[in-house]
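Below you'll find the structure, written out as structure tokens, and then a few comments.
The values are calculated or read from the model by the stated rules, or taken from the named source; none is laboratory data. These numbers come from a predicted model, not from an experiment. Ideal geometry is used to build each Cβ from the backbone, glycine not excepted, and the neighbour counts take in all protein chains shown. The accessibility values were calculated without ligands, DNA or RNA, using every heavy atom of the protein model including side chains. Shrake-Rupley method; radii C 1.70, N 1.55, O 1.52, S 1.80 Å.
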Amino acid sequence: MPALERELERLLGERAVLTAPDALLAWECDGFTVHKSRPRAVVLPNSTAQVQAVVRLLHAAAVPFVPRGAGTCLSGGPTAGADAVVIDLARMRQVLHVSTEDLYAVVQPGVVNLDLTTAVHHLGLHYAPDPSSQSVCTIGGNFAENSGGPHCFKYGMTVDHVLGAVIVLPDGALCRLGDPAGARLPGALDLTAVFCGSEGTFGIATEITVRLCRDQRAVRTLLGAFATMTAACRTVSDIVAAGLVPAALEILDQATIRAVEASVYRAGYPADAAAVLLVELDGPDDVVAEEAAEVRAFMQQNGGLRIEEATDAAERKRLWKGRKGAFGAMGRLNTDLYVLDGVVPRTRLEEALVGISAIGQKHGVLLTNVFHAGDGNLHPNISYDGRDAAMTARTVAAGHEILQLCVDLGGSVSGEHGIGTEKLDHVRMMYGDADLDVMARVRAAWNPDGRCNPGKVLPSRNACAEVAKWPQMIAKVLDPEGGA
Amino acid sequence: MSSIAGTHVRPRDAAAVAEVLRARLGRVRLHGSGSRQQRLEPVPGALALDLTGLATIDRLDAPDQTCSVDCGVTRAQLDDALRPHRLELPCPGDGTLGGLFASDPIGAAAPGGQSPRSLLLGMDALLADGTPFKSGARVVKSVAGFDVHKLLVGSEGRLFVATRLHLRLKPLPRARVAFANQALDREAALRLLQQLRELPHGLQSLQLLRVAGGGGGWNVRGAIAGRANFVAATLRALSLQESDAHPVLHLEAPAGGEVLAGLALPSALPRLLAGLPTDAPFLWHGGGRFETTLPVANATDRALAALASAGGHARIVAAAIGRRGLGTPIDAGHRSIADRLKHALDPHDVLC
Ligand SMILES: Cc1cc2nc3c(=O)[nH]c(=O)nc-3n(C[C@H](O)[C@H](O)[C@H](O)COP(=O)(O)OP(=O)(O)OC[C@H]3O[C@@H](n4cnc5c(N)ncnc54)[C@H](O)[C@@H]3O)c2cc1C
Ligand SMILES: Cc1cc2nc3c(=O)[nH]c(=O)nc-3n(C[C@H](O)[C@H](O)[C@H](O)COP(=O)(O)OP(=O)(O)OC[C@H]3O[C@@H](n4cnc5c(N)ncnc54)[C@H](O)[C@@H]3O)c2cc1C
């Protein structure tokens, strides 16, 4: 065993260091399975001190490293090169402190998102950001990705809920950001907000202070089924224009509805509807009742085929089951799923969906749409067979065009899944050299040697070979005559 | 571009600002409407770069609830433009929007409320050498690239010039009523504060205030928003007194005195107040920021020492030259990253 691995074992113990090729298999990718690479080793520290010791060692040995939570990222963020060590934070899963008076919790990064809400449920509290992966993904991963979720329309993204953190910097030094009383200290920069969404390239969060929210007295979920996607989108516009701020506004298209209804996530959605809109309202009982009546009226005005309202927890759970299981249900459509993530202004949702459908047809790919309609955050999903190289290439090319469409409509190439390695090529749709240079300077202030999660977020000549092939692959599909 | 007294320039657009910066005229102090300048340490000889000439609302997409504004647009100008659309920028503060976001003097108005950090979606900006760049997006959600724009918040004009801000807006609530329960003793005020904080819904702003010469009495002020019947019921349930007084955003320093600004958790308020002179004016915003005025430097130093030993954070924001900006220690790791960011973005220390 090489000296570095021996030293890691000395620091953490034998059972916290994995080096056998078979043992490393589980760490060769995240949810973005197009990009796979087996790391040099995986370490499983259980405290800030252990993370610090490991990082100091790796820094001294000039070995790159990659922090990892649950590995549910959909853009290749926690996937490590063959020369890198994965620092897996799964064993750091303690809720360290809960303040019911000041409404915050201090957690280790490996705490699973839903476990935090479960831990404070009896206190009438919850942690608001709720990615659909919340039963698996970690607060550390959420912080690094600035994750969102269905309820972020009203309650905001992860950045709106993180008050502070302890960071092990890439040279092993410690840095304390923010405070339970407020994320920005008087006279200081808001480094907590800047770290949030840095995708593991600025350092490793080993302790995170998050805001807790009080549970609302009443929650109602409404389902509206529509004959056209346009009618569903118009209902969303009407709700937003009326000044209502539901907790969630989610749409599923017909292909998704059918996949869901044919799967174990069956929720009783009408399979003949072109779109299903889920609206969740929360607040005081009488307020929620009045708002539900308004939402119902908008659904009716827009020709709702079926309108259902869940007022108890079991019914609510049923209506959400299909939405939460939508990605799982897609597994029925083909062997692989490419989950896209783009944003358009909320006023251009319909236009975007028409354009996406045309792109799907042009490339002959099977497209389904599930999206956070209130935020204009689209998730077009392409079901494909990864063993079929031509189909994979068409999938990737369609994805590329869809993201370009989002940018052309005034939006963004990612609303919540991040850049990782997946979108290194797409970042340039939004930013020019000067913009990327400033971002690189900011990263260098945190990570001067570039050894903390290298090759992610910003395109560079060192981007991994797999991803570097993408532009050629796309060019070939888009222009088969010219080739590439 | 007009030039005032040789050291004050007021360009009309971002290209002209870039031209000034490219001319490398030495150190530069950015000015919005100037309301906060007396709280900064003066830098003799620095060029005053007045950004109030950049005053256009470039884009107001009311249905999308977003807008893009030049940095010199004032809060009042934006509020006027938003009112007909029944929208607002839901964070306290005034002056220019560039100044408001760069100084972030108040944070959120209510516990868990919106603050500049959550409303800034993106920006167009200039580095100190005049190089233009952008960060973020115009849409309400984007995680593409690093959020350089979040560095504007609290940067006090020392990292870059934000020339255009992309902002998130919110619908005006159907009803909003301001309240002020005055002349309470400390225990009653803290009790009411706690009851208000327990509201799971509708608290839009919250302040605990003791004014100079108020006989030591406490005011609990704020606003409840939502549907009219809910607002009325909440006011009744908590015996809140309707008030048309404007919210107090800041405390003024007494002659020869100082203003200390800091962070305090609600649970820490009794201890914090116990460490201050019994009649010191005090203002706490529901988002966690407080300000207090102290009559002499010694009193400020004592308060800072007490705060530091309790792990609290504060700094002097208004005082004689030489004392502005002093405060409780900031974590060494944090300081080192902040210094490296300054060096990375403004290596010649032009912006001051
Ligand atoms: C079915 C499914 C549904 C999803 N739904 C959503 C959704 O609704 N909204 C959404 O936003 N995302 C969603 N995601 C994406 C993913 O779950 C999120 O990005 C999540 O935050 C990743 O958390 P994780 O613990 O799995 O982190 P990982 O995937 O392990 O890592 C993510 C990134 O964070 C870094 N990182 C991890 N821990 C730390 C740490 N402690 N310090 C510094 N960096 C760290 C890693 O290096 C990596 O770059 C979904 C994914 C799946 C598979
Ligand atoms: C009449 C009045 C009195 C006020 N009194 C006080 C007070 O006593 N105490 C207090 O705390 N607040 C006070 N405020 C509120 C506060 O000053 C404003 O909310 C805001 O913070 C400052 O806006 P400004 O345009 O005046 O900016 P300025 O005061 O001119 O600048 C504030 C800071 O922002 C920087 N800056 C300005 N524009 C940009 C830009 N485009 N890019 C980067 N940096 C920039 C400046 O360099 C400076 O550091 C007052 C506001 C008004 C209108």
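Quick notes
- Scope the range B:115-134; condition of a type in the set (S, T, Y) and either within 13 Å of ligand 2 (Cβ to nearest atom) or closer than 15 Å to B:A15 by Cα (or both); matching residues: B:S115, B:T131
- Every residue from the range A:446-458 that is on the phi < 0 side of the Ramachandran plot and either surrounded by fewer than 20 Cβ atoms within 10 Å (Cβ to Cβ) or more than 7 Å from chain B (Cβ to nearest Cβ) (or both): A:N447, A:P448, A:D449, A:R451, A:C452, A:P454, A:K456, A:L458
- Of all residues in the range A:361-386, those that are charged (D, E, K, R) have Cβ atoms under 9 Å from Cβ atoms of residues that are assigned to a strand (DSSP E or B), 6 or more apart or on another chain, in A:D375/A:L249; A:D375/A:V343; A:D385/A:D336.
- Residue satisfying condition, being on the phi < 0 side of the Ramachandran plot and touching a residue at least 40 places away in the same chain (Cβ under 8 Å), within set B:L119, B:L184: B:L119
- Strands (runs of 3 or more DSSP E) (entirely within the range B:154-271) containing at least 1 residues that are open to solvent by 50 Å² or more (accessible area, probe 1.4 Å) and farther than 30 Å from B:G136 by Cβ: B:175-184
- Unmet criterion (only one of (1) within 12 Å of chain B (Cβ to nearest Cβ); (2) crowded, with 20+ Cβ neighbours inside 10 Å; (3) over 15 Å from A:D341 (Cβ atoms)) for A:A434: (2)
- Taken over the range A:236-288, the criterion of being at positive phi and within 12 Å of chain B (Cβ to nearest Cβ) is satisfied by A:G243, A:G283.
- Candidates in the range A:53-79 are the residues that are among the polar types (S, T, N, Q) and either open to solvent by 40 Å² or more (accessible area, probe 1.4 Å) or within 14 Å of chain B (Cβ to nearest Cβ) (or both); of these, the one that is nearest to ligand 1 (Cβ to nearest atom) is A:T72.
- Among residues that are open to solvent by less than 20 Å² (accessible area, probe 1.4 Å) and away from ligand 2 (no atom under 16 Å from the Cβ), A:V365 is not included.
- Checked against the criteria, A:V407 counts as open to solvent by 10 Å² or more (accessible area, probe 1.4 Å) and either within 16 Å of ligand 2 (Cβ to nearest atom) or over 17 Å from the mean Cα position of the chain (by Cα) (or both).
- Pairs are defined by a Cβ separation below 8 Å, a sequence spacing of at least 6 or placement on different chains, a first member in the range B:44-69 that is open to solvent by less than 10 Å² (accessible area, probe 1.4 Å), and a second member that is among the hydroxyl-bearing types (S, T, Y) and within 16 Å of ligand 2 (Cβ to nearest atom); the pairs so defined are B:L54/B:T163; B:V69/B:T56.
Matching residues to (1) β-branched (V, I, T); (2) within 18 Å of A:P186 (Cα to Cα):
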| residue | (1), (2) |
| --- | --- |
| B:H250 | no, yes |
| B:L265 | no, yes |
| B:A274 | no, no |
| B:W284 | no, yes |
| B:G288 | no, yes |
| B:P295 | no, no |
| B:T300 | yes, yes |
| B:A306 | no, yes |
| B:D339 | no, yes |
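- Once the range B:167-194 is narrowed to residues that are under 30 Å from A:F195 (Cβ atoms) and in contact with a helix residue (DSSP H, G or I) (Cβ under 8 Å, 6 or more places away or on another chain), the residue that is nearest to ligand 1 (Cβ to nearest atom) is B:R168.
- So A:L319, is it more than 29 Å from A:L409 (Cβ to Cβ), buried (at least 16 other Cβ atoms within 10 Å of the Cβ) and either under 23 Å from the mean Cα position of the chain (by Cα) or not assigned by TED's automatic domain parsing to the domain that holds A:A225 (or both): yes
- Residues that are more than 19 Å from B:R323 (Cβ to Cβ) and either away from every other protein chain (no Cβ under 14 Å) or in a loop (DSSP other than H, G, I, E, B) (or both) within the range B:272-282 comprise B:L273, B:A274, B:G275, B:T278, B:D279, B:F282, listed in sequence order.
- Candidates are the residues of the range A:332-362 that are more than 15 Å from ligand 1 (Cβ to nearest atom) and in contact with a Lys or Arg (Cβ under 9 Å, 6 or more places away or on another chain); the one that is most open to solvent (accessible area, probe 1.4 Å) is A:T335.
- Output for the range B:128-143, where each listed residue is out of contact with any Pro (no Cβ under 8 Å at 6 or more places or on another chain), at the interface with chain A (Cβ under 7 Å from one of its Cβ atoms) and not basic (K, R): B:T131, B:P132, B:F133, B:S135, B:A137, B:V140, B:S142, B:V143
- Condition met for B:S33 (of a type in the set (S, T, Y), open to solvent by less than 20 Å² (accessible area, probe 1.4 Å) and either within 15 Å of B:R10 (Cα to Cα) or away from ligand 1 (no atom under 16 Å from the Cβ) (or both)): no
- Once the range B:82-114 is narrowed to residues that are within 6 Å of ligand 2 (Cβ to nearest atom) and assigned to a loop (DSSP other than H, G, I, E, B), the residue that is nearest to B:F282 (Cα to Cα) is B:P105.
- Residue among B:R340, B:R335 that is assigned to a helix (DSSP H, G or I), open to solvent by 40 Å² or more (accessible area, probe 1.4 Å), facing another protein chain (nearest Cβ under 8 Å) and without any contact (Cβ under 8 Å) to a residue 12 or more places away in the chain: B:R340
- Any hit, the range A:140-151, residues being within 12 Å of chain B (Cβ to nearest Cβ) and touching a Leu at 6+ places or on another chain (Cβ under 7 Å): no
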